[in-house]
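Working notes, structure below.
FYI, it's all coordinate maths here, none of it is from the lab. Everything quoted here is computed from the prediction, not taken from an experiment. Neighbour counts are summed over all protein chains in view; Cβ atoms, including those assigned to glycine, are modelled from backbone coordinates with ideal geometry.
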Amino acid sequence: MKILLLGKNGQVGWELQRALAPLGNLVALDRHSTADLSGDLADLEGLAATVRTLAPDVIVNAAAYTAVDKAESEPALARRINAEAPQVLAREAAALGAWLVHFSTDYVFDGSGTTPWTEEAPTRPLSVYGRTKREGESAILASGAHAMILRTSWVYATRGQNFAKTMLRLARERETLDVVADQVGAPTGADLIADVTSHILRHLFSQPGASQLSGIYNLAAAGETSWHRYAQFALSHAARQGQSFKVPAERIGAIGTEDYPLPAARPRNSRLDLAKLETTFNLKMPPWQQGVQRMLDEIQA
């Protein structure tokens, strides 16, 4: 199996390098092009040429425009990377008969209600980021390519910055700390996303008629929490490890979305229904606490 991975240095892409390497010949690229290969999703012609040159069996697109608030002032660039580039990848994948694995987001939903979103639920994105990610999904589905679109939420990784690290730092520095309590979802580790992606690819290339499995799947950790409870969980775990804070977990204030205005609207309900993924690929997604604890332990170590 020959795999082209785009976005190798992002949170998910970094973990995918590890998870996909045992499956075959992995070519991992980022936006910094070489003389003959381009991994820059803003370079649509170079992107198409790269796929044609490598002729992979699988294209895994872990690259995206993810600066949610900045996208409000850069809609053209966000659309180029999140919608037009996936369309190019899908077109080239269809021409090769290759699989395309593409990652999407809970931001395609408007966040109404409290019921977990199924893959078939109506999408009504609230932001430029959400709209461009939905456009990318639609372009892939319309291309005729064999494609796995994996919607995930609240992604974090040990490498680089993440919400939990930020909360630990702020709780050491500040006398008070307030966190949004009315947005609910499931923190999902990049390592979990990468491992599940690898599992899916093994399944697709070992099962006859796997092309019938093309479509959208929700991929997230199990369970749910708010950003406020997530922050409390992180601080409580770190305190048990012996870390000390000016603001202990029980004194973190709970505020509403309207109390912390940002350029891009966030969905309040980011719950994702996991039944389709778990049933199709014989998986049982772990609770979100398990991955967060592991990440915090790695940070402490």
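Numbers for the structure displayed
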item: Helix 227-240 vs. the chain, principal-axis angle (Cα, 0 to 90°, nearest 10); result: 70
item: Close Lys-Lys pairs in the chain, where close means Cα under 26 Å and separation is 8 or more or interchain; result: 8
item: Selection from LEU141, PRO122, VAL60 lying farthest towards where the dipole of the chain points positive, charges on Cβ; result: VAL60
item: Only Lys, Arg (+1) and Asp, Glu (-1) charged, at Cβ; segment 209-289 dipole about Cα centre in debye; result: 160
item: Distance between segment 1-30 and segment 32-107 - C-alpha centres, whole angstrom; result: 14
item: Of all DSSP beta bridges in segment 144-301, antiparallel share, percent nearest 5; result: 15
item: Relative exposure of HIS32, HIS199, HIS102, HIS146, judged by other C-beta atoms within 10 Å (fewest first); result: HIS32, HIS199, HIS146, HIS102
item: Likely footprinting exposure, TYR260, TYR129, fewest C-beta neighbours within 10 Å first; result: TYR260, TYR129
item: Degrees between helix 44-54 axis and first principal axis of the chain (Cα, 0 to 90, nearest 10); result: 60
item: Length-normalised contact order of the chain in % [C-alpha pairs under 8 Å, at least 6 apart]; result: 20
item: Estimated dipole of the chain in Debye, rounded to 20 [Cβ of Lys and Arg +1, of Asp and Glu -1, Cα centre]; result: 420
item: Percent of alpha-carbon pairs separated by more than 25 Å within segment 176-295; result: 39
